[in-house]
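Read the structure below first, then the notes.
The values are calculated or read from the model by the stated rules, or taken from the named source; none is laboratory data. Just so it is clear, the structure is predicted and the values come from calculations on it, not from any experiment. So basically every Cβ, Gly included, is an ideal-geometry build from the backbone, and we count neighbours across all protein chains shown.
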Amino acid sequence: MKLCELASALGKQFVGNPETEITCCSSPQSAKSGSLIFVENSKYAADAQKSGASAAIVPPDVEIDFPAIKSERPSVTFAQAVSILHPQKKTSGGRDSRAFVDPSAKVGEGTDIGPFSTVGANSRIGKNVLIHSNAAIGENVTVGDDCVIYPNVTIYDGSILGARTVIHAGCAIGADGFKFMPDKSGRQIKFQHIGIVRIGDDVEIGANSCVDRAVLDETIIGNGVKLDNLVQVGHNCEIGDNTVVAGCTGIAGSVKIGKNVIIGGQVGFKDHVTIADGVVIAAKSGVIGDLGTRGIYCGMPAVPLGEWRKQSAAISRGPETLKRVARLEKGPRAD
Amino acid sequence: MKLCELASALGKQFVGNPETEITCCSSPQSAKSGSLIFVENSKYAADAQKSGASAAIVPPDVEIDFPAIKSERPSVTFAQAVSILHPQKKTSGGRDSRAFVDPSAKVGEGTDIGPFSTVGANSRIGKNVLIHSNAAIGENVTVGDDCVIYPNVTIYDGSILGARTVIHAGCAIGADGFKFMPDKSGRQIKFQHIGIVRIGDDVEIGANSCVDRAVLDETIIGNGVKLDNLVQVGHNCEIGDNTVVAGCTGIAGSVKIGKNVIIGGQVGFKDHVTIADGVVIAAKSGVIGDLGTRGIYCGMPAVPLGEWRKQSAAISRGPETLKRVARLEKGPRAD
Amino acid sequence: MKLCELASALGKQFVGNPETEITCCSSPQSAKSGSLIFVENSKYAADAQKSGASAAIVPPDVEIDFPAIKSERPSVTFAQAVSILHPQKKTSGGRDSRAFVDPSAKVGEGTDIGPFSTVGANSRIGKNVLIHSNAAIGENVTVGDDCVIYPNVTIYDGSILGARTVIHAGCAIGADGFKFMPDKSGRQIKFQHIGIVRIGDDVEIGANSCVDRAVLDETIIGNGVKLDNLVQVGHNCEIGDNTVVAGCTGIAGSVKIGKNVIIGGQVGFKDHVTIADGVVIAAKSGVIGDLGTRGIYCGMPAVPLGEWRKQSAAISRGPETLKRVARLEKGPRAD
């Protein structure tokens, strides 16, 4: 692809030889002839030329004597260039003879089903879905158009997935939630789960994550939500549109998370808490109450970031504080 | 099912028209004609009538002009009603022709084995077991009667499961534990694990959880234990009967946990600690020593809840304490 | 096997009857005639004789009237004895007729492929590899000689594994990392990942762990690295040789970890931090900055262990400190 063609496809201005041939996207470290790289910060622009790449995406203010595409957000434009230069596999509508699709299931046009995958009774799979090998899709499941289901995923009966949703390897969607009640003898009685999981459009769920079905009604993952790997979402949770959850985070039952929330890794949520739109929660925090106001929260229990910084400073000064208190107790006579 | 029949099946008293038709269990939010709901707290009883449900399970003291079943523990009775009105799939004894069962394995009557599941040499599967698709059961494995094994579960060689045990999707039962010893050059030498996992009756293990085999002897999960999703149980652990472990908790090797212990989410256990019967451990705690006395523990390191509350209050007052100490240091002259 | 033969195979001295028959390795608790046990600490040597075992591995200084092999590190020698007396399954070169191997894939001699496993186009599997059932190996994957791939593992396209590497059940190797960038409307734009995962020789990865592919270039797991269960390794991480990572630890993107590092369970790493060779990080720590000096670190945020101990002591004395400060504020008149 020529530089001018790529710039045009990206809707961006360029400088330098329009005929420059671009064949792949690279990091500066692995750039070679044909490579496109990106430079987020204008002070590194000079390095672009030394990298061996054929062109770079750079901020608009960079003056550069090198084939370059100008962008306000080089990383975003680079991500788009990756999608153009390294297109994802297209589905071909091939159903492997080694897959098992129940005769009552409906599978849309253009959908691929890999070997040893199963689609249960009465399930409906949309168009151009890519179901890799070894995925287990239960009964009465709905999968929207253009989804990707990676190997060893399990989708339990009755789950509903929107369009363009990606489920990475090993995820368990729709397993029973964790609701047991002890009887008098201490035996735990199970609360059978008859709800479902409903996942929106444009969702991506990372490898080995779990989204439990609702006890009754629905566990809801909104449109555009992104969950990282090894995330646990409990029964009856609701996660708002475009919320992002980093790895190893655990969300207990009936938590309501707003839209555009950003949640770090290894965060824990107590059951039934409510999180407002736009909240940011730092990694490893423990959320044990509602977070009703937009802002950054941190700590266990989670408090506003400014407060956490002061607490954290006080903790690191704790040993010194003990000495100061001891000195004060000795009194002025000790001076 | 009629109200009178359901009440009788539940062994409870009822009020209102005995002929009231009940078809499903619902939440108040999604209740419709035919729905049974439950009201845990008598102050919400009036809402039951507005929900559109046909009947409710309510506490005994509620005076209600509405078809209702009386129960001391409405949620427990409702859970039983769910089991009656929404019965689980029964096995039919069907072994899918696409499953692989080693000729030396023994499979009990009434057991279902789904497509692309494997049962290795010399394994013994009980009666009325439901093995979903894509499950991998190794050699010399024992699975008791009435178990349910969900898709993409792996049960390593030699593992033993009791009766009525449920293993959710993606679990790894019997993988090698984590025991390596550095040699002089720093290379980690593996301690080959020759023990097994023994899981009791009526256990439920959540999706993508792991229970490692013992180095020697057995890792033991007692009867009635319930593990949530993404729980890690290390080699040679012993978990007592009816203990409950919430999601994302990690239990290092050789931990001994008593009976009827309740463990929150994201708790961590140091290896070789011992936890007494009936202990409760709050979410996100770090247990680095024995907890020998019944009680609630919290924090990192975990301490009795009362102590944690005081510590936690002192932490949140830490910034203020620093100021007070500084003021004291200035002395009375500063007044 | 006779005691003298075993001692010879282990390259160690022995005492007692050289003809003593050894049939298995046991714990002292389960020892029986034919058992070999080990005694790490000489003060427990007397117990060896009471255990019912036929022989023991003991420290060199132990005077014992019992068949015994002498070793400076009894546990290491015992681990070697386990490998001798309980040899791992050998591969036989059997490819199950129910496996799917793409015609363009190359599979080495002596390699076993279990039922319902898949090997994608252009992948190269080495010699004497043991691929259990239900594993999904993508396209253009390289697996070195003598690897073991357990059931329900997913290896994404393009991943590279060295020799003698073991991947436990349910792992996801090469899933997309977690890199999304919000557009003006708040929608998260995906950064398509075109890098790969490169895993060295003699690596072991525990059950249900995840190693994400690089955005560009490579996520690198060095030789001899050992990851426990449920570990998350983000895109573009580099983990040095012989580093050990305990369960449930989460490593965000682009973290560089040195060689011979020891990382406890449930540790969290901020993205882009660098950890020096030989560092030790205690369980549950949160690493939010570089750890450039060899030593033991602990806490959230992680600080040197000595400092953490002092901080931790100050925290536990926090409630008392509050009282002391209040007393000081009342002044000497209060005495």
Are any of the residues in region A:75-82 within 12 Å of chain C (Cβ to nearest Cβ), in contact with an Asp or Glu (Cβ under 8 Å, 6 or more places away or on another chain) and not in a strand (DSSP E or B)?
yes
Would you mind finding the one in C:Ser71, C:Ser83 that is surrounded by fewer than 21 Cβ atoms within 10 Å (Cβ to Cβ) and more than 30 Å from A:Ile113 (Cβ to Cβ)?
C:Ser83
Residue set B:Gly158, B:Gly186, B:Gly195, B:Gly240; condition within 21 Å of the chain's Cα centre (by Cα) and among the small types (Gly, Ala, Ser); output residue B:Gly240
Within region C:241-270, restricting attention to residues that are within 14 Å of chain B (Cβ to nearest Cβ) and among the charged types (D, E, K, R), which residue is surrounded by the most Cβ atoms within 10 Å (Cβ to Cβ)?
C:Asp241
Flagged in region A:181-193 as crowded, with 19+ Cβ neighbours inside 10 Å and either facing chain B (nearest Cβ under 8 Å) or of a type in the set (Asp, Glu) (or both), in numbering order, are A:Gln188, A:Phe191, A:Gln192
Mind checking whether some residue in region B:141-160 is closer than 22 Å to C:Val153 by Cα, in contact (Cβ under 8 Å) with a residue 60 or more places away in the chain, buried (at least 24 other Cβ atoms within 10 Å of the Cβ) and not polar (S, T, N, Q)?
no
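To keep it simple, each residue is scored yes or no on (1) of a type in the set (Gly, Ala, Ser); (2) within 11 Å of another protein chain (Cβ to nearest Cβ).
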| position | (1), (2) |
| --- | --- |
| C:Gly120 | yes, yes |
| C:Thr142 | no, no |
| C:Asp157 | no, yes |
| C:Ile160 | no, no |
| C:Gly177 | yes, yes |
Selection from region C:164-174 of residues that are within 14 Å of chain B (Cβ to nearest Cβ) and over 16 Å from the mean Cα position of the chain (by Cα)
none
Hey, C:Met181 hits all of (1) touching a helix residue (DSSP H, G or I) at 6+ places or on another chain (Cβ under 6 Å); (2) in a loop (DSSP other than H, G, I, E, B); (3) over 24 Å from C:Ala121 (Cα atoms) but one; which does it fall short on?
(2)
Those residues of region A:278-305 which are part of a loop (DSSP other than H, G, I, E, B), of a type in the set (A, V, I, L, M, F, W, C) and within 13 Å of chain C (Cβ to nearest Cβ), in sequence order
A:Ala282, A:Ala283, A:Met300, A:Ala302
Residues of region A:194-240 that turn out to be at positive phi and facing chain C (nearest Cβ under 9 Å), as a count
4
Search region B:4-29 for residues being free of Cβ contacts under 8 Å to residues at least 12 places away in the same chain and either aromatic (Phe, Trp, Tyr) or not in a helix (DSSP H, G or I) (or both), and hand back the single one that is surrounded by the most Cβ atoms within 10 Å (Cβ to Cβ).
B:Ser27
Only one of B:Ala99, B:Ala136 is within 27 Å of the chain's Cα centre (by Cα), within 12 Å of chain C (Cβ to nearest Cβ), on the phi < 0 side of the Ramachandran plot and not β-branched (Val, Ile, Thr). Can you tell me which?
B:Ala136
So which pairs qualify, if the first residue must be in region B:203-218 and in contact (Cβ under 8 Å) with a residue 24 or more places away in the chain, the second must be among the hydroxyl-bearing types (Ser, Thr, Tyr) and surrounded by fewer than 24 Cβ atoms within 10 Å (Cβ to Cβ), the Cβ gap must be under 6 Å, and the two must be at least 6 apart or on different chains?
none
Here is a list of conditions, (1) modelled with pLDDT of 90 or more; (2) under 25 Å from A:Glu218 (Cα atoms); (3) of a type in the set (Lys, Arg), and B:Lys2 meets all of them except one; can you say which number that is?
(2)
Name the residue that is nearest to the other protein chains (Cβ to nearest Cβ), counting only residues in region C:102-114 that are surrounded by fewer than 21 Cβ atoms within 10 Å (Cβ to Cβ) and on the phi < 0 side of the Ramachandran plot.
C:Asp102
If we ask which residues in region B:306-333 are surrounded by 13 or more Cβ atoms within 10 Å (Cβ to Cβ) and outside any helix (DSSP H, G or I), their number turns out to be 1
Is there a residue being assigned to a strand (DSSP E or B) and more than 14 Å from chain A (Cβ to nearest Cβ) anywhere in region B:145-154?
no
Take region A:179-214 and flag every residue that is closer than 21 Å to B:Cys171 by Cα and either small (Gly, Ala, Ser) or outside the structural domain of A:His235 (by TED's automatic domain parsing) (or both).
A:Gly206, A:Ala207, A:Ser209, A:Ala214
